[in-house]
Amino acid sequence: MNEPAAENDRWKRNDWWGVVLDCADVAQLAHFYAELRGWKIHKIDESDASLDAGEGIAYLSVQRNPGYVRPSWPAQPGQQQMQLHLDFEVTDLAAETARAIALGATLAEYQPQENVRVLLDPAGHPFCLYTG
């Protein structure tokens, strides 16, 4: 196991990890998550982008996939299945849901829990806003 570099300089660390989402439109999805979470876009071009959460060593990336197919939610037999989803804790579920929709998300028809709102990002990936 690699020893992490000094905790106080996250850019010198070599133990980064992240999640990469496929999409058809890199700029649209990168800007959506940057606005939704208040993260900076670290790098962007027509093929991929990475978002910097500003702390820790995790990142979110999006990559262009010309054959991208939107997943179905909830899962439907014979249709593209969700591979993963992102969860974001919020303090005001109603306000953050409305803000996400204003940024381009869609409220999913199926909502399995009271303290969770399932939304679809502009590329159709399900993500959840929840309260603790």
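Looking only at region 47-75, count how many residues are among the small types (G, A, S), open to solvent by less than 50 Å² (accessible area, probe 1.4 Å) and closer than 26 Å to K12 by Cβ. Count: 6.
Could you check, for region 110-120, whether at least one of its residues is of a type in the set (D, E, K, R), surrounded by 11 or more Cβ atoms within 10 Å (Cβ to Cβ) and assigned to a loop (DSSP other than H, G, I, E, B)? Among the residues of region 110-120, not one is of a type in the set (D, E, K, R), surrounded by 11 or more Cβ atoms within 10 Å (Cβ to Cβ) and assigned to a loop (DSSP other than H, G, I, E, B), which makes the answer no.
Scanning region 97-107 for residues that are aliphatic (A, V, I, L, M), outside any strand (DSSP E or B) and under 22 Å from L60 (Cα atoms) yields A100, I101, A102, L103, A105.
If you go through region 86-102 and keep only what is over 20 Å from D22 (Cβ atoms), open to solvent by 60 Å² or more (accessible area, probe 1.4 Å) and touching a residue at least 40 places away in the same chain (Cβ under 8 Å), you end up with E89, T91, R99. Inside region 72-85, can you point out the residues that are within 19 Å of E109 (Cβ to Cβ) and touching a residue at least 24 places away in the same chain (Cβ under 8 Å)? Selection gives W73, P74, M82, H85. Please determine, by comparing only the residues of region 40-68 that are among the aliphatic types (A, V, I, L, M) and at pLDDT below 95, which one is nearest to V19 (Cα to Cα). Restricting to residues being among the aliphatic types (A, V, I, L, M) and at pLDDT below 95, the top hit is A58. If you check T106, T131 for being open to solvent by 60 Å² or more (accessible area, probe 1.4 Å) and β-branched (V, I, T), only one passes: T106.
Does R13 satisfy being closer than 28 Å to Y130 by Cα, open to solvent by less than 80 Å² (accessible area, probe 1.4 Å) and either at pLDDT below 90 or not aliphatic (A, V, I, L, M) (or both)? Taking the combined requirement at face value, the residue does not satisfy it.
The values are calculated or read from the model by the stated rules, or taken from the named source; none is laboratory data. Note that the structure is predicted; figures quoted are calculated from it, not measured. Glycine also receives a Cβ, built like all others from the backbone with ideal geometry; neighbour counts cover every protein chain displayed. These area figures cover heavy atoms from the full protein model, side chains too; ligands, DNA and RNA do not enter into them. Shrake-Rupley method; radii C 1.70, N 1.55, O 1.52, S 1.80 Å.
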